[in-house]
Amino acid sequence: MVALKLQRIGDDIGVILPKEALDALGLGEGGTVYVSEAPHDAPAASSDTQYQRQLEAAREIMQRRRDVLHVLAQ
(Lines give C-alpha, C1' and ligand atoms only; values in the text may rest on other atoms or scores of the structure.)
Protein backbone atom coordinates (compact mmCIF):
# COMPACT_ATOMS: atom_id res chain seq x y z
CA MET A 1 0.00 0.00 0.00
CA VAL A 2 1.23 3.47 -0.87
CA ALA A 3 0.23 6.51 1.18
CA LEU A 4 -0.45 9.56 -0.98
CA LYS A 5 -0.52 13.11 0.29
CA LEU A 6 -3.01 15.66 -1.07
CA GLN A 7 -1.36 18.84 -2.33
CA ARG A 8 -2.62 22.15 -3.66
CA ILE A 9 -1.99 22.47 -7.41
CA GLY A 10 -3.19 25.90 -8.51
CA ASP A 11 -6.84 26.20 -7.48
CA ASP A 12 -7.24 22.41 -7.21
CA ILE A 13 -6.14 19.67 -4.85
CA GLY A 14 -4.13 16.87 -6.42
CA VAL A 15 -2.20 13.74 -5.65
CA ILE A 16 1.35 13.16 -6.81
CA LEU A 17 1.92 9.50 -7.65
CA PRO A 18 5.44 8.25 -6.96
CA LYS A 19 7.26 6.42 -9.76
CA GLU A 20 6.81 3.08 -7.96
CA ALA A 21 3.03 3.55 -7.89
CA LEU A 22 2.96 4.58 -11.56
CA ASP A 23 4.98 1.50 -12.51
CA ALA A 24 2.76 -0.80 -10.42
CA LEU A 25 -0.41 0.60 -12.06
CA GLY A 26 1.12 0.62 -15.52
CA LEU A 27 0.49 4.36 -15.83
CA GLY A 28 2.35 7.28 -17.29
CA GLU A 29 1.71 10.88 -18.24
CA GLY A 30 -1.71 11.21 -19.85
CA GLY A 31 -2.97 7.94 -18.30
CA THR A 32 -6.34 7.68 -16.61
CA VAL A 33 -6.98 6.62 -13.03
CA TYR A 34 -10.49 5.73 -11.82
CA VAL A 35 -11.31 6.12 -8.14
CA SER A 36 -14.32 4.44 -6.59
CA GLU A 37 -15.54 4.11 -3.04
CA ALA A 38 -15.74 0.50 -1.97
CA PRO A 39 -18.18 -0.17 0.90
CA HIS A 40 -16.49 -1.02 4.21
CA ASP A 41 -13.09 -0.36 2.68
CA ALA A 42 -10.79 2.42 1.63
CA PRO A 43 -11.21 4.05 -1.78
CA ALA A 44 -9.72 1.95 -4.55
CA ALA A 45 -7.94 3.15 -7.67
CA SER A 46 -7.73 1.38 -10.98
CA SER A 47 -6.47 2.11 -14.47
CA ASP A 48 -8.30 -0.93 -15.86
CA THR A 49 -10.98 0.30 -18.25
CA GLN A 50 -12.40 -3.22 -18.65
CA TYR A 51 -13.02 -3.27 -14.89
CA GLN A 52 -14.73 0.11 -15.15
CA ARG A 53 -17.01 -1.15 -17.97
CA GLN A 54 -17.91 -4.25 -15.94
CA LEU A 55 -18.66 -2.12 -12.88
CA GLU A 56 -20.94 0.17 -14.90
CA ALA A 57 -22.73 -2.84 -16.44
CA ALA A 58 -23.28 -4.30 -12.96
CA ARG A 59 -24.71 -1.00 -11.73
CA GLU A 60 -27.12 -0.85 -14.68
CA ILE A 61 -28.28 -4.44 -14.07
CA MET A 62 -28.76 -3.78 -10.37
CA GLN A 63 -30.83 -0.69 -11.16
CA ARG A 64 -33.02 -2.50 -13.71
CA ARG A 65 -33.49 -5.62 -11.55
CA ARG A 66 -33.81 -3.84 -8.22
CA ASP A 67 -37.11 -5.58 -7.39
CA VAL A 68 -35.63 -9.04 -8.03
CA LEU A 69 -32.56 -8.28 -5.92
CA HIS A 70 -34.79 -7.01 -3.13
CA VAL A 71 -36.73 -10.31 -3.07
CA LEU A 72 -33.52 -12.35 -3.18
CA ALA A 73 -32.07 -10.37 -0.27
CA GLN A 74 -34.90 -11.46 2.06
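The values are calculated or read from the model by the stated rules, or taken from the named source; none is laboratory data. In this text, all values refer to a predicted model and were calculated from it rather than measured experimentally. With ideal geometry, Cβ positions are generated from the backbone for all residues, glycine too; neighbour counts draw on all protein chains shown.
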Task: Residue satisfying all of: in the stretch 1-38; in a strand (DSSP E or B) and of a type in the set (S, T, N, Q); farthest from Glu56 (Cα to Cα) among these - done: Gln7
TODO: Tell me, yes or no, whether the stretch 43-54 has at least one residue that is part of a strand (DSSP E or B), at pLDDT below 80, of a type in the set (A, V, I, L, M, F, W, C) and surrounded by 11 or more Cβ atoms within 10 Å (Cβ to Cβ).
DONE: yes
TODO: Please list, ordered by first then second residue, the pairs with beta carbon atoms under 9 Å, 6 or more apart or interchain, first in the stretch 1-14 and not assigned by TED's automatic domain parsing to the domain that holds Leu25, second in a loop (DSSP other than H, G, I, E, B).
DONE: none
